[in-house]
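Please read the structure below before turning to the comments.
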Amino acid sequence: MCLAIPIQITCILPDEQAEGAQLGVHIQFSTAGVDNPQIGDYVLVHAGIAIQKLDEADADQTLALLGGQAALIGEVTEDHTGKLVLNTTMNTLRTLGVLTSDPLPRIC
């Protein structure tokens with residue numbers, strides 16, 4: 001099951017794209033599914049696509065309903081530019097290869 005997460009738009013990009021942030025995570029997503037997106041708007045984002053605008057109170061309520069179930073599972077650093085590196089439970093590093101199968105899994 002996937003969820004749509006409230007994201008606040010921080011930058012409008014060309015080609016019906018935007019950048020936004022929530023809980024310290026910054027993402028880029030399509031705004032083709034919403035009318036007249038503006039910086040500061042809150043939108044529900046599912047699988048990289050904004051599907052609905054909502055006001056700040058509704059965004060806060062939606063996040064509260066998640067009850068803190070979201071988790072940060074990684075971070076982007078300059079240490080391994082262009083690579084996905086896993087820090088294992090044994091405190092060793094493992095470089096993960098590029099996904100090539102079809103269909104590629106999507107984290108949403």
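Considering only DSSP beta bridges whose two residues both sit in the range 5-65, what percent are antiparallel, to the nearest 5?
The antiparallel fraction comes to roughly 95 percent.
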Quote the FRET efficiency, to the nearest 0.05, computed for residue 47 versus residue 80 with a Förster distance R0 of 30 Å and r equal to the Cβ-Cβ distance. 0.70
Give me the dipole magnitude in Debye, nearest 20, for the range 5-65 about the Cα centre, with unit charges on the beta carbon: positive for Lys and Arg, negative for Asp and Glu. 140 debye
Rg over Rh, two decimals, the range 5-65 (C-alpha only, Kirkwood Rh): 0.92
Scan around residue 84 for amide H atoms under 5 Å from its own, H built in the peptide plane at 1.01 Å from N, and keep only partners 5 or more places away or cross-chain. 96
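Values quoted throughout were computed directly from the atomic coordinates according to the rules given, and no laboratory measurement underlies them. The structure displayed is predicted, hence computed values, not measured ones. All Cβ positions, even for glycine, are placed from backbone atoms using ideal geometry, and neighbour counts span all protein chains on display.
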